[in-house]
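Colleague: Following this message is one structure expressed as structure tokens.
The values are calculated or read from the model by the stated rules, or taken from the named source; none is laboratory data. This structure is a prediction, so every number in the text was calculated from the model and none was measured. Don't worry about glycine lacking a Cβ; one is built from the backbone with ideal geometry, like all the others, and counts go over all protein chains shown.
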Protein chains: 2
Amino acid sequence: MSRLLREKLLSQLCMTIVFAGMAGTAAQAYQADQPFIDEQKVQAEWWARQDEQIDERLAQLEKKYGKKPNIVYILADDIGWGELGSYGGGILRGTPTPNLDTMAEQGIKFTSHYSEPSCTPTRLALLTGRHPVRTGVDIVLWPGQKQGLADEEVTVAEMLSKAGYKTAMFGKWHVGELEEHAPERQGFDYAYYGLYNGKPYSWANMEAYYQAETIDGNGYEYDFPGSFKDYEEKYGIKVHGHFEGIKGKGRKEVEPLGPTSMPDMESGNIKRIKKYIKANAKSKQPFFIYWASYAQQMAASPREFRGRPGYDVPNLQSAELAQHDDYVKELLDTLQKEGVAENTLVVWVSDNGPMYAFWPDSGYSWLRGGKGEVYEGGVRTPGLAWWPGVIESGQTVHDMISTTDLFTTAARIAGVKDKIPSDRIVDGLDQTALLLNGNGHGRRNYIFHYSGNRLAAVRMDNMKLHIKPGSKGGLPNMEVYNITRDPGEKFGSMYHHLSYVVPFQRIIGKHKQMIKKYPHRVLPSGIF
Amino acid sequence: MSRLLREKLLSQLCMTIVFAGMAGTAAQAYQADQPFIDEQKVQAEWWARQDEQIDERLAQLEKKYGKKPNIVYILADDIGWGELGSYGGGILRGTPTPNLDTMAEQGIKFTSHYSEPSCTPTRLALLTGRHPVRTGVDIVLWPGQKQGLADEEVTVAEMLSKAGYKTAMFGKWHVGELEEHAPERQGFDYAYYGLYNGKPYSWANMEAYYQAETIDGNGYEYDFPGSFKDYEEKYGIKVHGHFEGIKGKGRKEVEPLGPTSMPDMESGNIKRIKKYIKANAKSKQPFFIYWASYAQQMAASPREFRGRPGYDVPNLQSAELAQHDDYVKELLDTLQKEGVAENTLVVWVSDNGPMYAFWPDSGYSWLRGGKGEVYEGGVRTPGLAWWPGVIESGQTVHDMISTTDLFTTAARIAGVKDKIPSDRIVDGLDQTALLLNGNGHGRRNYIFHYSGNRLAAVRMDNMKLHIKPGSKGGLPNMEVYNITRDPGEKFGSMYHHLSYVVPFQRIIGKHKQMIKKYPHRVLPSGIF
């Protein structure tokens, strides 16, 4: 046996031992997708060393604070890549975001955060750590639909409950209308929410819509009826107002819908969130807050934030963004004032790109495409992470991160990674190393982009493949981008060489084999 | 007479007096275009107050240093909006620009700097302060063409010479081949330059081109001949090498062209520039340096900068950018070391957007379009201003600034605004207030974008009109963008209301009337 071969075998043996050792602490016991399993084998040694340090750091924190870290996930609505000042928007586009920019300066700004391309799917991804297609829901839910977050899915709230967390949800639920889909039945101790499935538009701030028509003179033509009653009659569906839900007690409709429901919900929620933080800051239990803000659905545009100096006027989206920017500051300030900031991870991400259907009242992206598309403009969204004293300030992180990762990362931080179910694929990766150590410590080198139930694009490292419907001369119709050089997806036909395409074929093949082994959930569809 | 009316008249009287008083100091005696004259009437009082303070500040500086401030203008080549790290590119796109980012942090980053859409026109704009169409040249010059920078044009170097400056030029001239066009005949005491009119490609780093073919496998197909001799035979035109020119003594060809001419010129020039600064730092005369760098024409890509860690490999453009980034630091460091940084204004701008014809070796823009187009990607380019102790650090400035403004601003800083010729239109505005006082102090609320000799687009405040060839139903073919909300020019058909279009018609009408009064120069065209 040559010396080289001996060393190679020895190194492999070491890796195997380290890898086996990881299972008890940081490594996943859950079922990851094959591309990650493959990568993990390659990186085992290096990741194990990082995980050891992370375990130590988390243990020190727990010793200091006597409990696990609090976790706050803020999910914004339709805010595009480039909307915030820190992403090149802000004042330049007439929508200053000073407080979100400060949050970015004090922590991490992710340049490659990926969500699903639309509202319901991203919410499911965050809650379950899985591509929504696996959960049986791959669409944006409209009122009356039977589909929703299945009972059998394990949510981040359920997992954190098992870790002893108090859990609360505020805002736009939009993952199912039935009681079985509701937050208080899906792991949240407390929830104040609206269902806000996509239609009717009358759920939104009608006053804003009507104003828009007058103000912008853009001749809005919506097919929404004049009132909820009209809608209920037309479609035979009950339109619900806002609910308060309590685990074990069910939910109560506490507010009817009205023309200012969305802005009122938004301003009410920040008050509830601050109260919740104050009430739980000194508790022996850590807390988990999931705030699904309406911002910046311009339907939630509040009167008092319209026409603020320096903001584009009379654009409704800018008013909503101004309000949200203030409220995020109020939340962070409350954490500071209550003395729990250094034991609280706050992650802020947007659910998808701008909804250009509402232009010029929608948001914007510097990238190609928008909400509903798997071009970068649809799925690459702003993302911030903040944890004073733990996450180093002033970082711009280019490593890929997915909304599904928030699920798995929460499990790791709460010390319940072993509670992640192993009878299904979980797509979310543990990105604690990325949060704590920054650039180069991400664990994700691929991401699958689904459009409904169709695998529509894949990113691997610097390259991205779009799988387009139809074929070209008998071959699949595709576009291949160097997404690092060409984030705007302008040049899609230069990299069709097999050396670029074959690795994609390989990863897609493995992904599909795993789907055969762990098939997607099938849920009853149609209207109830 | 009512009190209100009395106050209004009094205020108008004051403005008239102030305005008349301005002529002797900061106000233009030269012939501006009508839209600026109109705006100046409105702003007279407010601008006069600023100008008084600026005069005082410049006088203090002159007292302190015993001379006028040095001026360094760096013109980069084909660097798009978003290429630099500070504009959202940098590491994200595999081309870190740490030193240019530091320059931005220490001074101003302009988000709305506008150049002409291509190489020769922007060089003329910077040198003459005029839209190139007025100077009789509205094209990118190719070898053998008679056209060029006319003797009758007054260059920034000629103006600064009158103010007692030593003047020097380094790099890519590209505004005419004949001796009468040359820098040493156009106001520069010293010049080390290549003509580098667009063709032949063999002027460029052939070695790089040939390498590209092998490295990238993109099947480059250029029509360039194998050698300069071939080209000379084919077109009957002499291909010149690098010149050294001295005012009053003419020029000498000091280096023949060869496969590494462009990278050698680049590395040679930074040495010459540093030497020049050292030699002139303690002089009683201030200096003016115009450095027309090749960066980032990937043709100038130097071997030793290819494959630097962290840079996209084997992309040639990234190597060129890496080199330029280093050289700018060397220049700024030299100013610091020689103790003249606080008496030196350095402005860095790019001549136009990325030349996508060379993709994937070209640069990139986040905006729509590239070099040769009047979409933002062609004409909106990065721009930085640096003057320690005078320009406040950390500024992101959104006010519009044009490359033509560099001419007029230099005249103001050197105290020779009265030497700007008044027998022709000068488009450049005095932007000293913007440099010294930042956002909101810009004097430009419009910009005309020419494509060759055709007025192709106009920006006014937040709005931009594209005048497209052809007509639609008997009406002009146009696109109108809200360029603040939509910098990517995605939504061009939403603002055709007359309230948006009429102001454009008005400003274009005034612009055209002025052209009738001051017609464009007519130069002999064709091949010499």
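Colleague: In the stretch B:410-435, what residues are within 19 Å of the chain's Cα centre (by Cα) and aliphatic (A, V, I, L, M)?
Modeller: Within the stretch B:410-435, B:A410, B:A411, B:I413, B:A414, B:I420, B:I425, B:V426, B:L429, B:A433, B:L434, B:L435 meet the criteria.
Colleague: Hey, among the residues in the stretch B:127-167 that are outside any loop (DSSP other than H, G, I, E, B) and of a type in the set (A, V, I, L, M, F, W, C), which one's nearest to the chain's Cα centre (by Cα)?
Modeller: Step one: of the stretch B:127-167, the residues outside any loop (DSSP other than H, G, I, E, B) are B:127-128, B:132-135, B:145, B:156-162, B:166-167.
If we keep only those that are of a type in the set (A, V, I, L, M, F, W, C) as well, we get B:127, B:133, B:156-157, B:159-160.
Values: B:L127: 9, B:V133: 15, B:V156: 12, B:A157: 14, B:M159: 17, B:L160: 17 Å.
So, considering only residues that are outside any loop (DSSP other than H, G, I, E, B) and of a type in the set (A, V, I, L, M, F, W, C), the one nearest to the chain's Cα centre (by Cα) is B:L127.
Colleague: Right, another one. Inspect all residues belonging to the stretch B:431-441 and state whether any of them is within 27 Å of B:A385 (Cα to Cα), crowded, with 16+ Cβ neighbours inside 10 Å, of a type in the set (S, T, Y) and more than 14 Å from chain A (Cβ to nearest Cβ). I'd like the intermediate steps shown before the answer.
Modeller: First, the residues of the stretch B:431-441 that are within 27 Å of B:A385 (Cα to Cα): B:431-441.
Filter once more, so that each one left must be crowded, with 16+ Cβ neighbours inside 10 Å: B:431-438, B:441.
Remaining after also requiring of a type in the set (S, T, Y): B:432.
Going one step further and asking which of them are more than 14 Å from chain A (Cβ to nearest Cβ), we end up with B:432.
Scanning the stretch B:431-441, I find at least one residue that is within 27 Å of B:A385 (Cα to Cα), crowded, with 16+ Cβ neighbours inside 10 Å, of a type in the set (S, T, Y) and more than 14 Å from chain A (Cβ to nearest Cβ), so the answer is yes.
Colleague: Looking at (1) surrounded by fewer than 19 Cβ atoms within 10 Å (Cβ to Cβ); (2) more than 14 Å from every other protein chain (Cβ to nearest Cβ); (3) more than 19 Å from the chain's Cα centre (by Cα), find the lone condition where B:G452 falls short.
Modeller: For B:G452, the exception is condition (3).
Colleague: Please specify each residue of the stretch A:398-409 satisfying the condition of being hydroxyl-bearing (S, T, Y) and either surrounded by fewer than 24 Cβ atoms within 10 Å (Cβ to Cβ) or outside any loop (DSSP other than H, G, I, E, B) (or both). Let's see the steps before the verdict.
Modeller: Start the filter on the stretch A:398-409 by keeping residues that are hydroxyl-bearing (S, T, Y), which leaves A:402-404, A:408-409.
Once the filter is applied, which keeps residues that are hydroxyl-bearing (S, T, Y) and either surrounded by fewer than 24 Cβ atoms within 10 Å (Cβ to Cβ) or outside any loop (DSSP other than H, G, I, E, B) (or both), the stretch A:398-409 yields A:S402, A:T408, A:T409.
Colleague: Would you check if B:K517 is without any contact (Cβ under 8 Å) to a residue 60 or more places away in the chain and away from chain A (no Cβ under 14 Å)? Break it down stepwise before answering.
Modeller: Numbers: without any contact (Cβ under 8 Å) to a residue 60 or more places away in the chain: yes; away from chain A (no Cβ under 14 Å): yes.
When the stated conditions are applied, B:K517 passes them.
Colleague: Still on this model: What number of residues in the stretch B:35-65 are within 30 Å of B:N280 (Cβ to Cβ) and basic (K, R)? Please lay out each step first, then the result.
Modeller: In the first step, residues of the stretch B:35-65 are kept if they are within 30 Å of B:N280 (Cβ to Cβ); the result is B:51, B:53-65.
When the remaining residues are screened for being basic (K, R), the result is B:57, B:63-64.
Summing the residues that are within 30 Å of B:N280 (Cβ to Cβ) and basic (K, R) in the stretch B:35-65 gives 3.
Colleague: Regarding the stretch A:129-142, can at least one residue be identified that is aromatic (F, W, Y) and modelled with pLDDT of 95 or more? Explain how you work it out, then say what you get.
Modeller: Restricting attention to the stretch A:129-142, the residues satisfying the condition of being aromatic (F, W, Y) are A:142.
If we keep only those that are modelled with pLDDT of 95 or more as well, we get none.
Within the stretch A:129-142, none of the residues are aromatic (F, W, Y) and modelled with pLDDT of 95 or more.
Colleague: Being in contact with a Phe, Trp or Tyr (Cβ under 8 Å, 6 or more places away or on another chain), surrounded by 14 or more Cβ atoms within 10 Å (Cβ to Cβ) and within 26 Å of B:V137 (Cα to Cα) is true for just one of B:M514, B:M494, B:M460. Which residue is that?
Modeller: Values: B:M514 fails: in contact with a Phe, Trp or Tyr (Cβ under 8 Å, 6 or more places away or on another chain); B:M494 fails: within 26 Å of B:V137 (Cα to Cα).
It is B:M460.
Colleague: Please state which one of A:G94, A:G89 is out of contact with any Lys or Arg (no Cβ under 8 Å at 6 or more places or on another chain), within 14 Å of chain B (Cβ to nearest Cβ) and touching a residue at least 12 places away in the same chain (Cβ under 8 Å). Before the answer, list the steps.
Modeller: Working: A:G94 fails: out of contact with any Lys or Arg (no Cβ under 8 Å at 6 or more places or on another chain).
When all the criteria are applied, what remains is A:G89.
Colleague: Could you give me the residue pairs with C-beta distances under 9 Å whose first residue belongs to the stretch B:230-241 and is at pLDDT below 75, whose second residue is surrounded by fewer than 16 Cβ atoms within 10 Å (Cβ to Cβ) and not in a loop (DSSP other than H, G, I, E, B) wherever it lies, and which are 6+ apart or on separate chains?
Modeller: Short answer, once both residue conditions are applied: B:Y235/B:I527.
Colleague: Could you count how many residues in the stretch B:84-126 are surrounded by fewer than 24 Cβ atoms within 10 Å (Cβ to Cβ) and assigned to a loop (DSSP other than H, G, I, E, B)?
Modeller: Here the count works out to 4.
Colleague: Consider B:R444 carefully, then state whether it is more than 12 Å from chain A (Cβ to nearest Cβ), out of contact with any Pro (no Cβ under 8 Å at 6 or more places or on another chain), surrounded by 22 or more Cβ atoms within 10 Å (Cβ to Cβ) and outside any strand (DSSP E or B).
Modeller: On the way: more than 12 Å from chain A (Cβ to nearest Cβ): yes; out of contact with any Pro (no Cβ under 8 Å at 6 or more places or on another chain): yes; surrounded by 22 or more Cβ atoms within 10 Å (Cβ to Cβ): yes; outside any strand (DSSP E or B): yes.
Yes; evaluated as a whole, the condition is true for this residue.
Colleague: Looking at (1) under 26 Å from B:D351 (Cα atoms); (2) more than 14 Å from chain A (Cβ to nearest Cβ); (3) surrounded by fewer than 21 Cβ atoms within 10 Å (Cβ to Cβ), can you tell me which one B:S471 breaks?
Modeller: In the conditions (1) under 26 Å from B:D351 (Cα atoms); (2) more than 14 Å from chain A (Cβ to nearest Cβ); (3) surrounded by fewer than 21 Cβ atoms within 10 Å (Cβ to Cβ), B:S471 misses (1) alone.
Colleague: Before we move on, is A:E83 within 28 Å of A:H398 (Cα to Cα) and acidic (D, E)? Walk me through how you get there before you give the answer.
Modeller: Working: within 28 Å of A:H398 (Cα to Cα): yes; acidic (D, E): yes.
It is true that A:E83 is within 28 Å of A:H398 (Cα to Cα) and acidic (D, E).
Colleague: Any chance you could count how many residues in the stretch A:512-528 are assigned to a helix (DSSP H, G or I) and not β-branched (V, I, T)?
Modeller: Initial filter on the stretch A:512-528 (assigned to a helix (DSSP H, G or I)): A:512-517.
Filter once more, keeping what is not β-branched (V, I, T): A:512-514, A:516-517.
So the count comes out to 5.
Colleague: Does A:A292 count as more than 19 Å from the chain's Cα centre (by Cα) and crowded, with 18+ Cβ neighbours inside 10 Å? Before you say what the answer is, go through the steps one by one.
Modeller: Details: more than 19 Å from the chain's Cα centre (by Cα): no; crowded, with 18+ Cβ neighbours inside 10 Å: yes.
Answer is no for this residue.
Colleague: Among the residues of the stretch A:243-293, how many are part of a helix (DSSP H, G or I) and not basic (K, R)? Give the derivation first.
Modeller: From the stretch A:243-293, those part of a helix (DSSP H, G or I) are A:261-280; that's our starting set.
Remaining after also requiring not basic (K, R): A:261-270, A:273, A:276-277, A:279-280.
Number of matching residues: 15.
Colleague: For the condition assigned by TED's automatic domain parsing to the domain that holds B:P98 and in a helix (DSSP H, G or I), what is the one hit in B:Q323, B:Q296?
Modeller: B:Q323
Colleague: Got at least one residue in the stretch A:181-194 being out of contact with any Asp or Glu (no Cβ under 6 Å at 6 or more places or on another chain), assigned by TED's automatic domain parsing to the domain that holds A:G248 and at pLDDT below 95? Lay out the reasoning, then the answer.
Modeller: Let us first name the residues in the stretch A:181-194 that are out of contact with any Asp or Glu (no Cβ under 6 Å at 6 or more places or on another chain), namely A:181-186, A:188-190, A:193-194.
Subsequent filtering for residues that are assigned by TED's automatic domain parsing to the domain that holds A:G248 retains A:181-186, A:188-190, A:193-194.
Cutting the leftovers down to at pLDDT below 95 gives us A:194.
Yes, the stretch A:181-194 contains at least one residue that is out of contact with any Asp or Glu (no Cβ under 6 Å at 6 or more places or on another chain), assigned by TED's automatic domain parsing to the domain that holds A:G248 and at pLDDT below 95.
Colleague: Out of everything in the stretch A:476-511 that is more than 28 Å from the chain's Cα centre (by Cα) and not in a loop (DSSP other than H, G, I, E, B), what residue ends up being nearest to the other protein chains (Cβ to nearest Cβ)?
Modeller: Filtering first and then ranking leaves A:S499.
Colleague: Still on this structure: Confirm whether A:K109 is closer than 30 Å to A:N462 by Cα, in contact with a helix residue (DSSP H, G or I) (Cβ under 8 Å, 6 or more places away or on another chain), touching a residue at least 24 places away in the same chain (Cβ under 8 Å) and basic (K, R).
Modeller: Numbers: closer than 30 Å to A:N462 by Cα: yes; in contact with a helix residue (DSSP H, G or I) (Cβ under 8 Å, 6 or more places away or on another chain): yes; touching a residue at least 24 places away in the same chain (Cβ under 8 Å): yes; basic (K, R): yes.
Yes; evaluated as a whole, the condition is true for this residue.
Colleague: Turning to a different aspect of this structure: Criterion first (farther than 19 Å from A:V239 by Cα and in contact (Cβ under 8 Å) with a residue 24 or more places away in the chain) does A:V137 satisfy it? Walk me through it before giving the result.
Modeller: Details: farther than 19 Å from A:V239 by Cα: yes; in contact (Cβ under 8 Å) with a residue 24 or more places away in the chain: yes.
Yes.
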